[in-house]
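Every number here is computed from the coordinates shown, using simple stated rules; none is lab data. Remember, predicted model here, so these are calculated numbers, not experimental data. So basically every Cβ, Gly included, is an ideal-geometry build from the backbone, and we count neighbours across all protein chains shown.
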Amino acid sequence: MTLSIEGLVVRFGPRTVLDGLSMTVADGEVVGVLGPSGCGKSTLLRVVAGLLVPDAGAVRWDGADLESVPLHRRGVGLVFQDGVLFPHRDVGANVAFGLRMQRSPKAERAAEVSRLLTLVGLPGYERRAVATLSGGEAQRVALARALAPRPRVLLLDEPLASLDLDLRRRLAADLATLLRTLGTTALFVTHDPAEADAVADRTIRLG
Amino acid sequence: MDDHGAALTVAAAPGRPATTRDGGERPWVARWVPWALGLVPVGFVAVFFVWPVAAIIARGLSAGGVRDVLADAELRHIVWFTTWQALLSTALTLGAGLPVAWALARCRFRGRRTVTAIAGVPFVLPTVVVGLAFLALLPERWHASVAAILLAHVFFNVAVVVRTVVPLWERLDPRYGEVASTLGAPRWRVAAEVVGPLLRPAIGAAASVVFLFTFTSFGVVLLLGGPTHVTLEVEIYRRTAQLLDLRTASALALVQLVVVVALAGWWGRSQRVTGGAGDGGGRGVRLVAAEGARTRPTGRRRVALVAVLVELIVLIGVPLAALVERSLRLPDGSHGLAAWRALGSSGAGTSRPVDPLASIGVSLRTAAIAVVLATVVGVLASCAVAYGRRGAPLLDLGLMLPLGTSAVTVGFGLLITMDRAPLDLRGSWVLVPVAHAIVAIPLVVRTVLPVLRSIDPRLREAAMTLGASPARTWAAVDLPLARRAIAVGAGFAFAVSIGEFGATAFLSRSGHETMPVAIVRLLSRPGALNVGMAMAMAVMLLVVTVAVLLVVELAGGAGRARDPLR
């Protein structure tokens, strides 16, 4: 089970953001993607997620091209810098969203949500309103939500960047432990080398 | 715990300079000034709106009119028809309008601004023009059908959906949908479970307004419903103008008023709960810059975009083209200018029921007076609300009432109250521009007030510390900044007046017909030439309205571009 990226080219008008990028991510590996802002880190994640069609190149899963796989069947989990939790649903319903899409039975769903919230350090948060969460809590919920449908690969787009330094360190350590425990395959985008070291197995540089 | 999430959301919300509304700060004008400014608007609205409507209520309540209405199976049927056609119109309008809103909010394509402007046109067209356009378009056997009414209502109100939903949708963070997709939601579930609920304040507002407009629709139903499909508005008109049954008419107007007020109350409450349509409901919904959220559509999205644009062009273009064609069609099926020539030649000597050319003059004169009235009263009211503290929200709300009241109610109310001293205006043409002004004032206030409120108070403070009196300060700061908004409001008032039909139908005097009234009179006469002339006049009315709106749009657009405060 490997994710391979081959000769990726993305242009925005006259600007070439990714120019022939190739890489592989092995099963259970966490790869850090480092680079200054505007170097195409987020663009890479958007291509892998299927949100952006590259001008050239391919994203493959075990050799099979993902190009024709629609967005909602790709099995990727996405966590943004600022959570992007659904504000009209409570914490539990946010985490359960992906499970509902998979039509998992209600009782199973509740148990899974509770397990995930415990895993990210927020046990018993099911009924909390999204607006009452702190930035750190929101990111933990976003992580639980992305993990719930058991994605083949987790895409983390600067998930800690909006937090203050102290909290960032603590969460980076938590995140590293969590990804190891679950054996999740992940691409972890950051502009902070220390953070990449703390979370990723290996790191590539863009730009 | 930190609160970055909250800080981000606040930063993303539209900024508004702090006002001097809070606590100990010193107001820049004396406390009595807003009250004095408010006197004229309050007086005008009280005499020409509140009193007439109160008279209807009193009449409707007396003598068991309402009880009789509710006991009468035929009238109950009319209430029921009015309701279900409005509900169905609203549903169809949302169905047709939301795809258009999606295209304008989310897609980047050449001519997007032009399409946005075109999508807004039908809403400001006179009802008579729209009614005639559909008469021209639809085959004879579709005249006097529910389908014709529904089509015309959709034609009108798609613009309401676009104007209400696009401003929120284009700023809604697209990542909500993206996250939902990656979590396994197919497109329709993204729409139904994420984007839809997040747009709910705007969609709810649009649905309420469309329901209100279609529930109180008059001109369209009168022209397209025939004798069998009658709404409350049309029945009120029929009872008053044809049967002289004022008691039943008052009772019907009261029933309608109750429904409208109940709806407005419910809507107002839901808006308070969700925080209004403009800012995503204040529920911590993330907003972004509109331009950045639009993408060039590819693949199936492009197919969808093309389909939506075709739908819009067909919906708007075909009826209007049919109207123009019909005005040029001769009885033998060929085309020519006979109807247009007849417009010009029909002088006093001919046996025409109305003088078409004279009605143009009447319409322009009426519109000029209505514009002056609505603009003066509207600007005074805006100032009173913007600078006042206590009482200002109440005045604001009170000034919006005419917007929720049907034009027929206004016209009917004026008819039954302005008939005794000191205001015996029976048969006076003055009531027509007054009624138009009442309908237009809310629009002027909605245009001018936001600009006055958005003025940075430090500009006034700077002027006053430099020695300017409050009056000079107003002339030096507020007036120049609001001038364009006032012009736009006046333009709206003109468009309202030139096309107004509901109130005018009650108040118009023979020999003083405005264009919409003259058109309907012509249409009710037998003979192909009369129909052709009605169509030709509708085309003229269409051209005048669109021309005025184009000027308003250009003035408004240029104002936004140049005004650094917005």
Classify region B:147-191: rounded, prolate or oblate, from the alpha-carbon gyration tensor (a ≥ b ≥ c, eigenvalue square roots; a/c under 1.5 rounded; otherwise prolate if a/b is larger than b/c)? oblate
For B:Leu138, enumerate residues with amide H under 5 Å from its amide H, sequence gap 5+ or separate chain, H modeled in the peptide plane. none
On Cα atoms only, tilt of A:165-182 relative to the major axis of chain A in degrees: 90 degrees
Averaging sequence separations of C-alpha pairs under 8 Å and six or more residues apart, then dividing by the length of region A:9-118, give the relative contact order as a whole percent. 16 percent
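Which order do the peptides A:134-147, B:29-42, A:33-46 come out in when sorted by mean C-beta neighbours inside 10 angstrom, highest first?
The packing order, highest mean first, is A:134-147, A:33-46, B:29-42.
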Quick check on the exposure proxy: order B:Glu140, A:Glu108, B:Glu500, A:Glu158 from fewest to most C-beta atoms within 10 angstrom. B:Glu140, A:Glu108, A:Glu158, B:Glu500
Given contacts defined as C-alpha pairs under 8 Å and at least six residues apart, what's the relative contact order of chain A, whole-number percent? 30 percent
Quick one: which residues, 5+ away or cross-chain, put their amide H under 5 Å from the amide H of A:Ala56? H built at 1.01 Å from N. A:Val9
Cα gyration tensor, region A:34-166 - rounded (a/c under 1.5), prolate or oblate: oblate
Hz values of 3J(HN,Hα) by residue in region A:68-81 - Karplus curve (6.51, -1.76, 1.60), Gly and Pro given as x: 8, 7, x, 2, 7, 10, 7, x, 10, x, 10, 10, 8, 3
What one gets for the protein assembly as shown as the Kirkwood radius, inverse of mean 1/r over different Cα pairs in Å, is 29.6 Å
Per-residue ellipticity at 222 nm for chain B, helices alone: DSSP H runs ≥ 4 residues times -39500 (n - 2.57), over residue total, nearest 500 deg cm²/dmol? -23000 deg cm²/dmol
Highest mean first, how do B:69-77, B:53-61 rank when packing is the count of other Cβ atoms within 10 Å averaged over residues? B:53-61, B:69-77
Using alpha-carbon pairs under 8 Å, 6+ residues apart, how would you state the relative contact order of region A:63-151 in percent? 43 percent
Axial C-alpha extent at least 18 Å, average Kyte-Doolittle at least 1.0 - helices from chain B (DSSP): B:32-45, B:146-169, B:200-215, B:299-328, B:356-387, B:392-404, B:431-454, B:479-499, B:528-562
Please compute the average number of Cβ atoms from other chains found within 10 Å of each residue's Cβ in peptide A:128-135. 4
